[in-house]
Amino acid sequence: MKTYLKTTTWIFLLSILVFSQQAEAQTSITGYIHKVDGTGVPFATVQLINKEDSSFVVGAVSDYDGKFEFEFVSTGIYLLKSDAVGFKTQLKTYNISEDGNAFPVLEIVMEEDLMQLQEVVVKARKPFHERHADRLVIHVKGSPASTGSTVLEILERSPGVTVNRQGGTISLNGRTGIQVMINGKLTKMPMDAVIQMLDGLSAADIETLEFFNTPPAQFDAEGAGLINIKTSKPKDQGLNGSAGVNIGYNKGEKIGTSFSIQHVTGRVSLYSSYSLNYDRNKHQWFNYRTMKHGQADVSLSNISHRNPVVTVQNARLGWILQFSKMTSTSVELTGFKRNWDQTAYTTNVERRSDKPEKVTGIDIDESNLWGSGSVSVGLRHDFGDDQQVNVMYDYLAYHNENPSIYRMGDDPSETGSLSQITVAKTTPIHFHIIKTDFSSYLGARVKASVGLKYTQSRFTNKVDVSETIDNLIYKNLRFSNFALLDEQIFANFLSVNWELNEALNLQSGVRFELTDSNIRSKTEQILYRRYGNFFPSALLTHQILDHLQVHASFARRITRPTFNDMAPFVFFISPSTLISGNSTLQSALINNYEIGYQSPMYSVTARYSIAENEIGFLQPEYSEDFDEHIFSSQNLEYQKTLALTQSVNLTLTPWWELQSSVSLYHQHFKTAHFEENFTSDVKRVSFSAMNIFDITRDLQLELSGNYESRNIWGITQFRPMGEINLGIRKKFDKYGTLTLSATDIFNTYIWRMHANIPQEGIQSGWDYYENKRSINLSYTLNFGKETSSLPKRKSASETERSRVQ
């Protein structure tokens, strides 16, 4: 370990030295445009013009602080032209010497022009789906039906995305193990808690969703793909913000409110946000299985009527301080609290060919409380000659309490005739993350970055299970457990972006991660693993015409077992059916290949992935020793996925816009956890479409829908499902936006799962009705100016926040 740290440190320092020497051989210009009083002039246009022939050489736009840069300019005599709205145009002559040194910092003072032009407002709508070579971007603000929805509901409607709320997983283009980031910061909670958090996060606070299939080397290798959720940012210096309220109804009331306030000055940027969502609903869960038990045919089924009440709170506070024109620091605090309270009643029916039918019941009281807090501190320094360094530290703390009571018997309402199982689960989790990266140009067309990252994770998982039979309490030693996990991940990366010519670009890199995982109980070591992997990636893009592009990419990724899977837990569906963890899971390694073509109106992409030790979630097994049906995550030997996606954006009339996407999949896998393993495959199709109608200038209607023929999670197959949504939005010039939306109008978004284990003679499945159909009324009011953006910030934990799963 010490040798590894020493080696990577020297590699990092040597890379910085080489990049620095390379960069010093280049000529660059840094300048600042400001008013007479010293205040920076943002968004000024600056052009460098050849004095001999008046040809354009290079241009730039000043940032919110008035800074601009020209990179790799040859020596000679130039004209410098600067323009800004409300200021007089300036034209001056500058001579760049031949000594090879960077040109001195320019200070340009702009004079205000008292002759003001009348305001011109140009309105344009971004497409809801926008495809790039490396990612798909969804502009949430462009959808009326999205207003009043949660972020999770937006994900469920997104092309290629499947959210399994019961299994606590998200898949992208047929691949599981997807990681979720918020503003470039990975959510390190358990994925089921992430799903619940996103279900409590209002879409009104979201600007865009980004979907990465082949993330570059700067991102951690964790996850088969990445989803980055970008929240709304302030639009100009001064005070900006928004406030909103949402009311709705499904099988119970839905109430939500949110606000955000930002204040941006020349040197200090402050921002804060808070949201609260309450949802009371009714769910139904039907579970069944058939099997052979000896010579008898056995059929077991149960139906559970669940009444969950979910409350979710999110808070964020941060500030960015500009010490100088070259150095800034940032601090961000976040808080999250989600409480799931539920009462349920389950009826169990057992039919055997050799015995009479038996009916039992379970009364369930369950709470699942997740709380988290984080502190993020960052320092950024710009050397002014195309070199930049970032240093970041994050501390993340999570706490989960999951108490449950199961009262079982012929009639659970009669106190003396039942047995009771009590489960108490507590899981505190802590992370320390340190990250540093350095970037520099190595020539006129080559930019390189190097970085180091260290992550320390620790959690304890305590599960106490007791049984009460005939008023006597017994501790269940089989399900009670205590586990302590310590994990360290050391990583470094090298990334190079090379403009081969004006039309051809290559972005390549390699990342190395060394993982140490140790799980132990109070008395013994349960599991110890130490492994290192290289993760290369490459993206080649070719610009055919101004708006036509083809690309090819490759990336190697890893999906590590989630913390919940590695720490034993138990959740009872019926007396003989339960969900449990699996501490023997191995990490899955995935190779992703992709080729594609995109234009503003049309795109087509072909993807192929091979996953070794693929993790299949909620895989069914039968335990003869305990006569139990157990669902737990298991490794498959492999899973291969071939996908073809085609998207179309059409403006059919000046008032009608259509955006659609269709994907075809072929998946093939082989199991690894049975005595007799088998192979299987599935072919499926998914489709989504959105129609946007501009009824008047301020009135917009949206009709959208999606359909998925079927899906697989290991040996588990999900039946076809889909939904139709409708939304109408009215904008008032000074009084905000009012939106009425209806989701899943025909109540067709139903999870139906089926699994067949032929060598064991078992068939099982469940249907889950979560009553997504709802109607929502939302109102949002924005205040402040809307012309620029908050300075960008990074976080050391941009890849950690979803493995707490």
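The values are calculated or read from the model by the stated rules, or taken from the named source; none is laboratory data. Since we're looking at a predicted model, the values are computed, not measured. Here the Cβ is made from the backbone with ideal geometry for all residues, glycine too, and neighbour counts use every protein chain on show. Areas reflect the complete protein model, heavy atoms only, side chains present, ligands, DNA and RNA absent. Shrake-Rupley method; radii C 1.70, N 1.55, O 1.52, S 1.80 Å.
Please determine, by comparing only the residues of the range 640-649 that are over 15 Å from R684 (Cα atoms) and among the polar types (S, T, N, Q), which one is least open to solvent (accessible area, probe 1.4 Å). Walk me through how you get there before you give the answer.
Here is the first cut: in the range 640-649, the residues over 15 Å from R684 (Cα atoms) are 647-649.
Pick out the ones that are also among the polar types (S, T, N, Q) and you get 647, 649.
On the way: S647: 14, N649: 36 Å².
Looking at the filtered set, the residue picked out is S647.
Kindly indicate the residue of the range 664-682 that is polar (S, T, N, Q) and within 17 Å of F718 (Cα to Cα) and also modelled with the highest pLDDT among those meeting that condition.
First pass over the range 664-682, keeping only residues polar (S, T, N, Q): 667, 671, 677, 679-680.
So of that shortlist, the ones also within 17 Å of F718 (Cα to Cα) come out as 667, 680.
Details: Q667: 91, S680: 86.
That would be Q667.
Which of the residues spanning the range 253-263 are buried (at least 16 other Cβ atoms within 10 Å of the Cβ) and either charged (D, E, K, R) or under 15 Å from A742 (Cα atoms) (or both)?
Result: K254, single match.
Each row is one residue, and each column tells you yes or no for (1) surrounded by 15 or more Cβ atoms within 10 Å (Cβ to Cβ); (2) aliphatic (A, V, I, L, M); (3) within 20 Å of S741 (Cβ to Cβ).
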| residue | (1), (2), (3) |
| --- | --- |
| Y638 | yes, no, no |
| T651 | no, no, no |
| N677 | no, no, no |
| D694 | yes, no, yes |
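Select from the range 523-567 the residues that are among the small types (G, A, S) and closer than 22 Å to E594 by Cα and write down the one among them that is surrounded by the fewest Cβ atoms within 10 Å (Cβ to Cβ).
Going through the range 523-567, the residues among the small types (G, A, S) turn out to be 532, 537-538, 552-553, 555, 567.
Next, only the ones that are closer than 22 Å to E594 by Cα stay: 537-538, 552-553, 555.
Numbers: S537: 25, A538: 17, A552: 15, S553: 23, A555: 28.
Top of the filtered list is A552.
Any idea which of E366, E350, E357 is surrounded by 18 or more Cβ atoms within 10 Å (Cβ to Cβ) and free of Cβ contacts under 8 Å to residues at least 40 places away in the same chain? Can you show your working first?
Details: E350 fails: free of Cβ contacts under 8 Å to residues at least 40 places away in the same chain; E357 fails: surrounded by 18 or more Cβ atoms within 10 Å (Cβ to Cβ).
The conditions single out E366.
For Q659, are the conditions met, namely being open to solvent by 20 Å² or more (accessible area, probe 1.4 Å) and either in contact with a Pro (Cβ under 8 Å, 6 or more places away or on another chain) or outside any strand (DSSP E or B) (or both)?
Numbers: open to solvent by 20 Å² or more (accessible area, probe 1.4 Å): no; either in contact with a Pro (Cβ under 8 Å, 6 or more places away or on another chain) or outside any strand (DSSP E or B) (or both): yes.
Considered against the rule, which asks whether it is open to solvent by 20 Å² or more (accessible area, probe 1.4 Å) and either in contact with a Pro (Cβ under 8 Å, 6 or more places away or on another chain) or outside any strand (DSSP E or B) (or both), Q659 comes out as no.
Take the range 265-300 and flag every residue that is under 27 Å from D767 (Cβ atoms), assigned to a loop (DSSP other than H, G, I, E, B) and open to solvent by less than 40 Å² (accessible area, probe 1.4 Å).
N281 - this is the single residue of the range 265-300 that is under 27 Å from D767 (Cβ atoms), assigned to a loop (DSSP other than H, G, I, E, B) and open to solvent by less than 40 Å² (accessible area, probe 1.4 Å).
On the basis of being part of a strand (DSSP E or B), within 21 Å of the chain's Cα centre (by Cα) and of a type outside the set (D, E, K, R), does G373 make the cut?
Against the criterion (part of a strand (DSSP E or B), within 21 Å of the chain's Cα centre (by Cα) and of a type outside the set (D, E, K, R)), G373 qualifies.
In the range 703-741, which residue that is surrounded by 22 or more Cβ atoms within 10 Å (Cβ to Cβ) and of a type in the set (S, T, Y) is nearest to I762 (Cα to Cα)?
T716
Could you identify the single residue in V105, V109, V121 that is open to solvent by 30 Å² or more (accessible area, probe 1.4 Å), closer than 27 Å to H263 by Cα and at pLDDT below 70? Outline the logic, then answer.
On the way: V105 fails: closer than 27 Å to H263 by Cα; V109 fails: at pLDDT below 70.
Sole residue among the options that is open to solvent by 30 Å² or more (accessible area, probe 1.4 Å), closer than 27 Å to H263 by Cα and at pLDDT below 70: V121.
What pairs can you find where one residue is in the range 290-301 and without any contact (Cβ under 8 Å) to a residue 60 or more places away in the chain and within 15 Å of N348 (Cβ to Cβ), the other is among the aromatic types (F, W, Y) and open to solvent by 30 Å² or more (accessible area, probe 1.4 Å), and their Cβ atoms are less than 7 Å apart, with a gap of 6+ or different chains?
From residues that are without any contact (Cβ under 8 Å) to a residue 60 or more places away in the chain and within 15 Å of N348 (Cβ to Cβ), the pairs are S301/Y288.
For the range 9-25, check the following and say yes or no: at least one residue is assigned to a loop (DSSP other than H, G, I, E, B) and either modelled with pLDDT of 70 or more or open to solvent by less than 50 Å² (accessible area, probe 1.4 Å) (or both). Walk me through it before giving the result.
Going through the range 9-25, the residues assigned to a loop (DSSP other than H, G, I, E, B) turn out to be 25.
Still in the list and also either modelled with pLDDT of 70 or more or open to solvent by less than 50 Å² (accessible area, probe 1.4 Å) (or both): none.
No - not one qualifying residue is present in the range 9-25.
Before we move on, is E621 of a type in the set (D, E), over 21 Å from E130 (Cβ atoms), touching a strand residue (DSSP E or B) at 6+ places or on another chain (Cβ under 9 Å) and surrounded by 17 or more Cβ atoms within 10 Å (Cβ to Cβ)?
Values: of a type in the set (D, E): yes; over 21 Å from E130 (Cβ atoms): yes; touching a strand residue (DSSP E or B) at 6+ places or on another chain (Cβ under 9 Å): yes; surrounded by 17 or more Cβ atoms within 10 Å (Cβ to Cβ): yes.
In short, yes.
Determine which member of the set S633, S583 is in a loop (DSSP other than H, G, I, E, B) and either closer than 27 Å to T460 by Cα or of a type in the set (A, V, I, L, M) (or both). I'd like the intermediate steps shown before the answer.
Values: S633 fails: in a loop (DSSP other than H, G, I, E, B).
Result of the check over S633, S583: S583.
Please count how many residues of the range 327-345 are in contact with a Lys or Arg (Cβ under 9 Å, 6 or more places away or on another chain) and either outside any strand (DSSP E or B) or surrounded by 15 or more Cβ atoms within 10 Å (Cβ to Cβ) (or both).
As a first pass, look at the range 327-345 and keep what is in contact with a Lys or Arg (Cβ under 9 Å, 6 or more places away or on another chain): 327-330, 332-335, 342-345.
This time we only want the ones that are either outside any strand (DSSP E or B) or surrounded by 15 or more Cβ atoms within 10 Å (Cβ to Cβ) (or both), so: 328-330, 332, 334, 342, 344-345.
Total satisfying the criteria: 8.
Let's see how each residue does on (1) in a strand (DSSP E or B); (2) under 30 Å from E401 (Cβ atoms); (3) of a type in the set (S, T, Y); (4) under 25 Å from the mean Cα position of the chain (by Cα):
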site	(1), (2), (3), (4)
A606	yes, no, no, yes
A611	yes, no, no, yes
E621	yes, yes, no, no
S647	yes, no, yes, yes
F674	no, no, no, no
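List the number of the failed condition for Q218; all other conditions in (1) in contact with a Gly (Cβ under 8 Å, 6 or more places away or on another chain); (2) surrounded by fewer than 24 Cβ atoms within 10 Å (Cβ to Cβ); (3) at pLDDT below 70; (4) not aliphatic (A, V, I, L, M) hold.
Exception for Q218: condition (3).
Which residue pairs have Cβ atoms under 8 Å apart, sit 6 or more places apart or on different chains, and have a first residue in the range 537-563 that is in a loop (DSSP other than H, G, I, E, B) and a second that is buried (at least 17 other Cβ atoms within 10 Å of the Cβ) and among the basic types (K, R)?
R560/R803; T562/R803
So, in the range 231-252, exactly how many residues are surrounded by fewer than 17 Cβ atoms within 10 Å (Cβ to Cβ), at pLDDT 80 or above and either among the polar types (S, T, N, Q) or within 30 Å of G40 (Cβ to Cβ) (or both)?
The total comes to 2.
If you check every pair at least six apart or on different chains, which have Cβ atoms under 7 Å apart with a residue in the range 639-662 that is in contact (Cβ under 8 Å) with a residue 40 or more places away in the chain first and a residue that is of a type in the set (K, R) second?
From the range 639-662, the pairs are T641/R175; A643/R607; S647/R131.
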